[in-house]
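J.: Take this structure first; my questions come after.
The values are calculated or read from the model by the stated rules, or taken from the named source; none is laboratory data. This one's a predicted model, so the numbers in the text were calculated from it and none came from an experiment. Every residue, glycine among them, receives a Cβ derived from its backbone with ideal geometry; neighbour counts consider all protein chains shown. These accessible areas exclude ligands, DNA and RNA; they are computed on the full protein's heavy atoms, side chains included. Shrake-Rupley method; radii C 1.70, N 1.55, O 1.52, S 1.80 Å.
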Amino acid sequence: MIPQLTADGLAVRLPVAHRTARVLDELALAYAQGPEDVGRLLALHAAHVVRLDHAVVSEDMAEYERNIRAAQADASREALLAEAPSADGLDPLLGPDDAITLAGRITRFAARIRLAPDRSTRP
């Protein structure tokens, strides 16, 4: 994972698209091999996501209900990701040295953004 400045120089990007592309490809292949099973998983996950979204924005929803809906969405997401073996690589695990190196790179980019001459449009 190599941090980059965005094209406008307003933020630091941690690119993950190359990893998500593999997962989407594998999910598409799984769907082609078993459209009924994967289709049901996708529909179930969509229903869980809609219910979770409703719970998040609802002002009178009990916290335990939000937690239940979040757990349901997590479970259906994990079931879908199980269809894509490369999903294990989506969350990079960094050892101490790699974490320090990444933090240093991000800090240098952030300092460059902060020290830019015209900060009027910067976050």
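J.: For the range 76-117: of the residues being β-branched (Val, Ile, Thr) and open to solvent by 60 Å² or more (accessible area, probe 1.4 Å), which is nearest to Val12 (Cα to Cα)?
T.: Among them, the one singled out is Thr107.
J.: Hey, can you tell me all the residues within the range 10-49 that are modelled with pLDDT of 90 or more, in contact with a Leu (Cβ under 7 Å, 6 or more places away or on another chain) and not in a helix (DSSP H, G or I)?
T.: Hits for the range 10-49: nothing passes.
J.: Scan Val16, Val12 and give me the residue that is touching a Pro at 6+ places or on another chain (Cβ under 7 Å) and surrounded by 12 or more Cβ atoms within 10 Å (Cβ to Cβ).
T.: Being touching a Pro at 6+ places or on another chain (Cβ under 7 Å) and surrounded by 12 or more Cβ atoms within 10 Å (Cβ to Cβ) holds for just one of Val16, Val12, which is Val12.
J.: Still on this structure, please answer the following. How many residues, within the range 19-49, are open to solvent by less than 70 Å² (accessible area, probe 1.4 Å) and either in contact (Cβ under 8 Å) with a residue 40 or more places away in the chain or within 26 Å of Leu94 (Cβ to Cβ) (or both)? Spell out how you get there, then give the answer.
T.: Taking the range 19-49 and keeping what is open to solvent by less than 70 Å² (accessible area, probe 1.4 Å), we get 19-21, 23, 26-28, 30, 34-35, 38-39, 41, 43, 45-49.
Narrowing the set further to residues that are either in contact (Cβ under 8 Å) with a residue 40 or more places away in the chain or within 26 Å of Leu94 (Cβ to Cβ) (or both) leaves 19-21, 23, 26-27, 30, 38, 41.
Summing the residues that are open to solvent by less than 70 Å² (accessible area, probe 1.4 Å) and either in contact (Cβ under 8 Å) with a residue 40 or more places away in the chain or within 26 Å of Leu94 (Cβ to Cβ) (or both) in the range 19-49 gives 9.
J.: Would you mind stating whether Val56 is over 24 Å from Val23 (Cα atoms) and either hydroxyl-bearing (Ser, Thr, Tyr) or assigned to a helix (DSSP H, G or I) (or both)?
T.: yes
J.: With the condition kept exactly as written, say whether any residue in the range 50-57 is touching a residue at least 12 places away in the same chain (Cβ under 8 Å), under 17 Å from the mean Cα position of the chain (by Cα) and surrounded by 14 or more Cβ atoms within 10 Å (Cβ to Cβ).
T.: Checking the range 50-57: at least one residue is touching a residue at least 12 places away in the same chain (Cβ under 8 Å), under 17 Å from the mean Cα position of the chain (by Cα) and surrounded by 14 or more Cβ atoms within 10 Å (Cβ to Cβ).
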